[in-house]
Structure formats: structure tokens, C-alpha cells
1. Pulled fully out, how much extra length does the chain show between Ser94 and Val39, if you take 0.36 nm times their separation in residues and subtract their Cα-Cα distance?
2. Over the Cα atoms of the chain, how large are the radius of gyration and the largest Cα-Cα distance (Dmax), in Å?
3. Which log10 I(q)/I(0) values, to two decimals, does the stretch 38-100 give at q = 0.16, 0.18, 0.24 Å⁻¹ under the Debye formula with one point per Cα?
4. Suppose all protein chains stay in the model; what accessible area per residue would a 1.4 Å probe give for the stretch 1-60, in Å²?
5. Where the accessible area of the chain is counted over protein heavy atoms with a 1.4 Å probe, how much of it, in %, is carbon and sulfur?
Amino acid sequence: MHNNQPGVVLRFQAKPGKGKELFDLCTDLHHTGDPDGPVDWVLSRDNGNPDVMWAFEFYRDDESFTRHYANPVFDEPHQRVLDLLADDPGIDASMRVDVHIVSSS
């Protein structure tokens, strides 16, 4: 990981009981061999809710980050992720924040 490396922080609230399925699908999506995919990533479970996932993804550079999210090959798998998210209008089912590393270990 390096200074100014682009990334994204995602918070997903799965439908009740769908947390494991969400984690399994997202883990599989990180093993596709996409050369523009994240080079460093972590999926974390919320200690207070097993259906909440926090994902931290970091990309080689801004160009690979842009190419990855614009690649239509991932439209269908990304839609499968969205289909697992809570559809209760009172729940914020997803959050995405684009970030850049300032420092790391």
C-alpha cells in the first residue's frame, strides 16, 4: 500500500440472514483475476450485526480504479451483490466513499 493509492470504503447491509451469502459472493468477486481489480482488500463483519459488511479496497492507480468500475463484465455480479442488500426503506443498505491512502503500515 502506498501514499495516494486510490480506494473505496463500502458498507453493505444485507437482507436479514443473507450476510454469509454476501460475504461469500464478495470474496469470490475479489478472486476473478481482473488486472484492474483491487490489489489490496479487506472484508470485515460488523461486531454488532452479522449482516453488515465493511469492505476496504485499494487499487494500483486511478486509471485501474476507473477501468474496474467501468468494466461491464462486472455489471451482473455487482447486481447480484445489490440484490442481497436490505430493501427496507428505513435502512441505509449501502454506502460508498472514494478514498486515497495518506499513510499505512
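1. Details: separation 55, 0.36 × 55 = 19.80 nm, distance 2.24 nm.
This chain segment gains 17.6 nm when fully extended.
2. Rg and Dmax of the chain, Cα atoms, are 13.9, 39 Å.
3. With one equal scatterer per Cα and no solvent, log10 I(q)/I(0) is -0.68, -0.85, -1.26.
4. Per-residue accessible area for the stretch 1-60 comes out at 53 Å².
5. Taking all protein chains in place, the chain shows 53 percent carbon and sulfur surface.
The values are calculated or read from the model by the stated rules, or taken from the named source; none is laboratory data. In this text, all values refer to a predicted model and were calculated from it rather than measured experimentally. These area figures cover heavy atoms from the full protein model, side chains too; ligands, DNA and RNA do not enter into them. Shrake-Rupley method; radii C 1.70, N 1.55, O 1.52, S 1.80 Å.
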